[in-house]
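As structure tokens, the structure follows; a few thoughts come after it.
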Amino acid sequence: MARDELRKDIALPNIAIIGTGLIGCSWAALMAGAGRRVAIYDTRPEAGAAFLEFWNGVKPALVELGLAQPEQEPDFRIASSLDEALREADFVFECIPERLDLKRALYSEMEPLLKPQAIVATSSSGLKLSDLQTGWQNPARIIIGHPFNPPHLVPLVELYANDRTDPDVLPAARGLYESCGKVAITLKREVMGHVANRLQAAIWREAIHLVEADVASVEDVNAAVWAGPGLRWAIMGPHMLLHLGGGAGGLGAYCEQFTQSYTEWWEDLGKPQLTPETIATLVAGLSEEIAGRDYATLRQQRDRQLVAVLKALAETRQSPATAPVAG
């Protein structure tokens with residue numbers, strides 16, 4: 001069956017990717033793996049070669065996770081202009097750098113070129129939707145669609161729409177993401193950094209403080225996460241895990257037992273700043289753990305381990321008896 005015949009059953013089949021950094025290439029690979037037609041636009045002349053190199057590097061992982069077929073080649077084109085990229089787009093992934101002025105300038109150029117029902121999802125990791133809507137003549141089709149890096153592997157995507165958003169946009173976006181294996185959460189109100197980055201920021205703040213206060217080395221702080229709570233967090237979220245920690249009495253019993261402890265721990269948490277001295281300490285400590293491995297090697301190790309974890313979780317969740325309860 002021809003590609004166009006197969007695509008008839010795919011909602012939002014025409015995708016535009018604006019910006020081909022790591023996030024843009026990752027989204028493009030995931031969408032191409034799902035059988036969608038992808039138009040890529042970037043001001044860099046090497047954008048096409050960058051995406052093909054990325055696709056060839058991640059395709060084995062996508063195939064292993066069932067997110068692409070072994071014989072599949074990406075149906076993509078490099079657009080020579082923004083107009084060409086957006087002309088047929090049903091869904092647009094905006095992946096340019098995290099600067100409000102740049103995004104607003106891009107949107108003012110984009111809006112006249114979009115189909116009336118096209119959806120624009122910004123991958124912004126912390127900017128507010130209300131700020132991003134400023135300057136749009138009709139801001140009803142833009143939403144937050146923030147992934148966790150790398151988007152082609154890590155399932156999470158954080159969605160946010162507000163009272164200026166058309167009611168069909170969020171359900172359609174959720175359907176697109178979920179059709180590609182994503183786990184979508186929806187923010188109930190606007191907040192800087194969304195949800196996951198705020199959680200990450202809180203953990204990293206204390207991880208820095210523990211190094212600064214000479215409690216533990218950078219390497220040991222890292223190990224304290226991946227060899228401890230990080231393993232549990234890959235399975236369930238903190239509220240559910242502590243509910244189990246309370247035994248038969250659940251979260252209520254846990255809180256009753258540990259309220260005083262947590263109160264004292266929270267009061268003792270550090271508030272470090274990313275000063276040049278602190279950054280130098282972290283970089284020096286991390287270099288010992290890296291032990292000569294270059295960026296590409298570390299990235300490959302991360303991706304292999306992510307694939308292994310995702311496959312293991314998928315296997316355990318196939319049985320209703322072992323599947324975590326959805327919150």
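The values are calculated or read from the model by the stated rules, or taken from the named source; none is laboratory data. Here the structure is a predicted model, which means the values were calculated and not measured. All Cβ positions, even for glycine, are placed from backbone atoms using ideal geometry, and neighbour counts span all protein chains on display. Quick note on the areas: whole protein, heavy atoms, side chains included, nothing else; ligands and nucleic acids left out. Shrake-Rupley method; radii C 1.70, N 1.55, O 1.52, S 1.80 Å.
Numbers at a glance
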| read-out | value |
| --- | --- |
| Residues being within 8 Å of the chain's Cα centre (by Cα), part of a strand (DSSP E or B) and touching a residue at least 40 places away in the same chain (Cβ under 8 Å) - total across region 130-160 | 3 |
| Any pair with Cβ under 7 angstrom, 6 or more apart, that starts in region 29-44 at a residue that is in the same structural domain as Gly66 (by the TED database) and closer than 12 Å to Lys59 by Cα and ends at one that is outside any helix (DSSP H, G or I) and of a type in the set (Asp, Glu) | Ala32/Asp75 |
| Residue ranges of helices (runs of 4 or more DSSP H) in region 11-128 with at least 2 members among the hydroxyl-bearing types (Ser, Thr, Tyr) | 100-110 |
| Residue list for region 178-200, filter: more than 29 Å from Trp265 (Cα to Cα), assigned to a helix (DSSP H, G or I) and either in contact with a helix residue (DSSP H, G or I) (Cβ under 7 Å, 6 or more places away or on another chain) or in contact (Cβ under 8 Å) with a residue 60 or more places away in the chain (or both) | Ser179 |
| Test: residue in region 164-177 that is in contact (Cβ under 8 Å) with a residue 24 or more places away in the chain, open to solvent by less than 80 Å² (accessible area, probe 1.4 Å) and part of a strand (DSSP E or B) | no |
| All positions within region 218-232 that are under 26 Å from Val283 (Cα atoms) and open to solvent by 50 Å² or more (accessible area, probe 1.4 Å) | Glu219, Asp220, Asn222, Ala224, Val225, Trp226, Ala227, Leu231 |
| Selected residue [at pLDDT 95 or above, closer than 30 Å to Gly181 by Cα and open to solvent by 100 Å² or more (accessible area, probe 1.4 Å)] from His243, His239 | His239 |
| Residue among Ile203, Ile208 that is touching a Ser or Thr at 6+ places or on another chain (Cβ under 7 Å) and either part of a helix (DSSP H, G or I) or exposed (fewer than 11 other Cβ atoms within 10 Å of the Cβ) (or both) | Ile208 |
| Residues that are β-branched (Val, Ile, Thr) and without any contact (Cβ under 8 Å) to a residue 60 or more places away in the chain, drawn from region 45-63 | Val63 |
| Elements of type helices (runs of 4 or more DSSP H) in region 223-269, at least 1 residues being in contact (Cβ under 8 Å) with a residue 60 or more places away in the chain | 238-245 |
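Residue-wise test of (1) over 22 Å from the mean Cα position of the chain (by Cα); (2) of a type in the set (A, V, I, L, M); (3) farther than 24 Å from Arg174 by Cα; (4) surrounded by fewer than 15 Cβ atoms within 10 Å (Cβ to Cβ).
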residue	(1), (2), (3), (4)
Asp42	no, no, yes, no
Leu62	no, yes, no, no
Glu71	yes, no, yes, yes
Leu82	yes, yes, yes, no
Arg87	yes, no, no, no
Leu102	no, yes, yes, yes
Pro116	yes, no, no, yes
